[in-house]
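Take a look at the structure set out below.
The values are calculated or read from the model by the stated rules, or taken from the named source; none is laboratory data. Not measured: the values here are computed from a predicted model. Cβ coordinates were reconstructed from backbone atoms using ideal geometry, including for glycine residues, and neighbour counts include every protein chain displayed.
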Amino acid sequence: MSKVLSDCAYYITEKIDCTLLSDKTYIGMDNMLPDKGGITESEYTPSEGTATRFKKGDILIGNIRPYFKKIWYATFDGGCSPDVLCIRGNGKLSSDFLYALLSQDAFFDYDMAGSKGSKMPRGDKNHIMNYPVPELKGYDEIGKIIVNINDKIINNTRINREISTVVKMLYDYWFLQFDFPDEEGKPYKESGGRLEWNEELNMDIPMGWECKTIDDISKRVKVGFVGPIDKYYCEKEVGFPIIRPAEMSVDGIDYSSLNYITKEFYEKNVKSQIHKGDILISRCGKDGIPNIYELDTKAQVLNAVIIEPDNDLADSIFINETLKSDLAQKQIQNGTSGSVQGVINTAMIASIKLPFEEGMCKNFVSKVKPLVDTIIHNREENRELISLRNFILPLMMNGQIYLK
């Protein structure tokens, strides 16, 4: 008799008081990452009520909009929101294998097929428990392989976030607090370096520095294609990638979910063409988060502002960090405050003001480039690991790859 998920696992209903949870132990839909990316620390923790108590080794699945493929193999005890399903094995199969089973794209397709609601589909818990479990040899080995791959992907993402924090901190020290190394290697401002008032920035800046805008230090600021493009989609083999806001995040551009558009569309829309090193900012819904396009492949961009860096003045690393800075983000927020949907436009980005000194800019880039290169390397490795996982997992699950 064929098995289904309910033969091997069950839902956890035990509760925990929310006052016992923190941003490190509470899991909600918002801090579960899409595309099987695990979790990040929560920005919101309920101060009252209860949450579902989970334990290390449980499998948590986001139950709203299953197509986001939010799943996490718990590495600690904690509590999760009612919108997150907590599944625990009953001992018949290893937790590693259950995680691999539920990490399949096939599972999320199954989950979506049984979901309820159109605008915000929600997985049906009874339907999920009827998900078929294949009869296989080597359950444990399959689970261990997939868990190890996912652990590596999640670890790379964690390292990248930590590196990004260091780079941002260094930018803040040098270009906002003005404690860059002086001629003696000491912090400039802290060591009594001279400052002068700048009317345009409304702040003191180091002697010899000036106020520049993003437009001043870029080749051009332009907007990507805006409008419907469904009829221009085509197969990857004959098309060009198009970057949409959905692919942009604080962790960089997700190249694994790209759509492709026809050569005709690419060549016709010259203004929205992008190249390696260009910086993209979604026009709405992403809070002004910048992303550097890292591929050698020519591409198009949809509904985003594009900044082409002027490498003779400031390359993409410096501009990207500038746009992430509190000074720039405040200007973006002020520029969108009067808009119902918070739309970001080219004029707003082009006019962002910053304190600038060309030599210090180039010195900063030379210091942080090895760190940024590590981030890019880890992202490339993650793309390869994701491709490997997505290729071998269905083959192992249908028995085409047999593990002793």
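Side notes on the structure shown:
- In the condition set (1) modelled with pLDDT of 95 or more; (2) among the acidic types (Asp, Glu); (3) assigned by TED's automatic domain parsing to the domain that holds Ala304; (4) not in a loop (DSSP other than H, G, I, E, B), Asp172 is compliant with all but (3).
- Being in contact with an Asp or Glu (Cβ under 7 Å, 6 or more places away or on another chain) and outside the structural domain of Asn259 (by TED's automatic domain parsing) holds for only one residue in Ile376, Ile401, Ile386, Ile392, and it is Ile376.
- Residues located in the range 25-49, provided they are in contact with a helix residue (DSSP H, G or I) (Cβ under 9 Å, 6 or more places away or on another chain), free of Cβ contacts under 8 Å to residues at least 24 places away in the same chain and among the acidic types (Asp, Glu): Glu41, Glu43
- Any chance Asp124 is acidic (Asp, Glu), touching a Ser or Thr at 6+ places or on another chain (Cβ under 9 Å), under 20 Å from Ile12 (Cα atoms) and surrounded by fewer than 17 Cβ atoms within 10 Å (Cβ to Cβ): yes
- Selection status of Glu183, surrounded by fewer than 16 Cβ atoms within 10 Å (Cβ to Cβ) and at pLDDT 95 or above: no
- Residue in the range 83-94 that is among the hydroxyl-bearing types (Ser, Thr, Tyr) and either under 30 Å from Ile376 (Cα atoms) or outside the structural domain of Ile12 (by TED's automatic domain parsing) (or both) present: no
- The number of residues in the range 204-226 that are more than 18 Å from Asn345 (Cβ to Cβ) and touching a strand residue (DSSP E or B) at 6+ places or on another chain (Cβ under 7 Å) comes to 10.
- Selection status of Ile319, under 25 Å from Trp209 (Cα atoms), in contact with a Ser or Thr (Cβ under 8 Å, 6 or more places away or on another chain), of a type in the set (Val, Ile, Thr) and touching a residue at least 24 places away in the same chain (Cβ under 8 Å): yes
- So Gly138, is it at pLDDT 95 or above, of a type in the set (Gly, Ala, Ser) and surrounded by 13 or more Cβ atoms within 10 Å (Cβ to Cβ): no
- Total residues in the range 108-127 satisfying the condition of being closer than 14 Å to Tyr67 by Cβ and assigned to a helix (DSSP H, G or I): the figure is 6.
- If only residues of the range 74-133 that are among the polar types (S, T, N, Q) and closer than 24 Å to Leu388 by Cβ are counted, the one that is farthest from the chain's Cα centre (by Cα) is Ser94.
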